[in-house]
Structure formats: structure tokens, C-alpha cells
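Data first, discussion second: the structure below is written as C-alpha cells.
The values are calculated or read from the model by the stated rules, or taken from the named source; none is laboratory data. This structure is a prediction, so every number in the text was calculated from the model and none was measured. Please note: Cβ atoms are built from the backbone with ideal geometry, for glycine as well, and neighbour counts cover all protein chains shown. Calculation scope for accessible area: heavy atoms of the full protein, side chains included, ligands and nucleic acids excluded. Shrake-Rupley method; radii C 1.70, N 1.55, O 1.52, S 1.80 Å.
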Amino acid sequence: MKRVGIAAVAACLELLSTAAKAETQITGQVDLMRTHDAVAIPGWPAPMFWFTLKGVTAVENCGKFSNGQVLFVGRDLQMMAFVMSALGKGLTLNVNIDAPETANGFCVARHVTVSKPT
């Protein structure tokens with residue numbers, strides 16, 4: 001009986017800690033996008049890439065690119081396709097991050113949503 005009670009408490013604590021992590025949503029149009037040669041720059045293995053949003057210069061603890069804009073990191077090809085589409089068509093991109101999660105000092109995009117500008 002004690003094991004079941006301890007497991008239930010542990011599960012509740014895990015659920016609470018997950019719920020406590022608030023995601024931040026940032027909206028804008030893609031300004032820059034870059035991917036790297038994974039052999040030449042091993043800290044950015046494929047399909048890892050990064051992008052910036054026009055006018056976004058501060059988001060929590062996210063690092064910035066040399067142009068002063070916040071740099072967001074994507075780690076899969078599906079996200080890369082969304083970001084490339086938004087860049088090519090001038091669409092709005094909603095980026096959700098969990099600021100403590102970083103890659104190479106930059107915030108990791110947990111998910112992105114593409115929409116028409118309003």
C-alpha cells in the first residue's frame with residue numbers, strides 16, 4: 001500500500017512541475033534563417049537550424065544574433081519547412097519557447113505556428 005501511495009505522490013509532483021512550466025509565445029515575421037554544415041560546425045548538427053523574427057530584440061533569457069534580434073533554434077525538418085515557408089511567403093510565425101531550454105545559448109522553439117498576417 002505504501003508503494004502505491006508514494007508512486008501516486010510522485011506522479012502528482014511530476015504533473016505539477018510540468019504544468020508549472022509556462023511557455024512563452026512570440027509572434028513576428030521571419031527575418032533570417034540559417035543552417036550549418038554539421039561537419040564544419042559540430043555544435044549545430046543537422047537538422048538543427050536557427051532563425052530570427054523581425055523586431056524581436058528581447059525574450060526572457062534568449063541569446064541574440066549579431067543584428068540584435070533574438071535567435072531561436074529549431075531541431076527538426078518539419079519545423080524548418082514551416083519557418084522556410086513563412087520566410088518565403090511573408091507569413092506570421094508564432095513561436096513557443098520554454099525559456100530555460102537552450103541550445104548553444106539560444107532558446108529552443110518548442111513549436112511554431114504559421115498564419116496569414118492580420
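Looking across the range 100-118 at every residue that is outside any strand (DSSP E or B) and among the polar types (S, T, N, Q), the one that is most open to solvent (accessible area, probe 1.4 Å) is identified as Thr118.
Candidates in the range 18-34 are the residues that are charged (D, E, K, R) and in a loop (DSSP other than H, G, I, E, B); of these, the one that is modelled with the highest pLDDT is Glu23. Whenever a residue of the range 49-68 is under 19 Å from Thr35 (Cα atoms) and hydroxyl-bearing (Ser, Thr, Tyr), its partners that are surrounded by 11 or more Cβ atoms within 10 Å (Cβ to Cβ) and at pLDDT 95 or above, lying with C-beta atoms within less than 6 angstrom and at least six residues away or across chains, give the pairs Thr52/Asp31; Thr52/Leu32; Thr52/Phe65; Thr52/Gln69; Thr52/Leu71.
Against the condition at pLDDT below 95 and in a loop (DSSP other than H, G, I, E, B), how does Ala7 come out, does it pass? For Ala7, the condition - at pLDDT below 95 and in a loop (DSSP other than H, G, I, E, B) - is not met.
Restricting to the range 76-99, name every residue that is open to solvent by 10 Å² or more (accessible area, probe 1.4 Å) and in contact (Cβ under 8 Å) with a residue 60 or more places away in the chain. Within the range 76-99, Gly90, Leu91, Thr92, Asn94, Asn96, Asp98 meet the criteria. Please go through the range 59-75 and give me each residue that is within 14 Å of the chain's Cα centre (by Cα) and open to solvent by 10 Å² or more (accessible area, probe 1.4 Å), ordered by number. Correct list: Val59, Glu60, Asn61, Cys62, Gly63, Lys64, Arg75.
With respect to the conditions (1) free of Cβ contacts under 8 Å to residues at least 40 places away in the same chain; (2) assigned to a strand (DSSP E or B), Asp37 falls short on a single one, namely (2).
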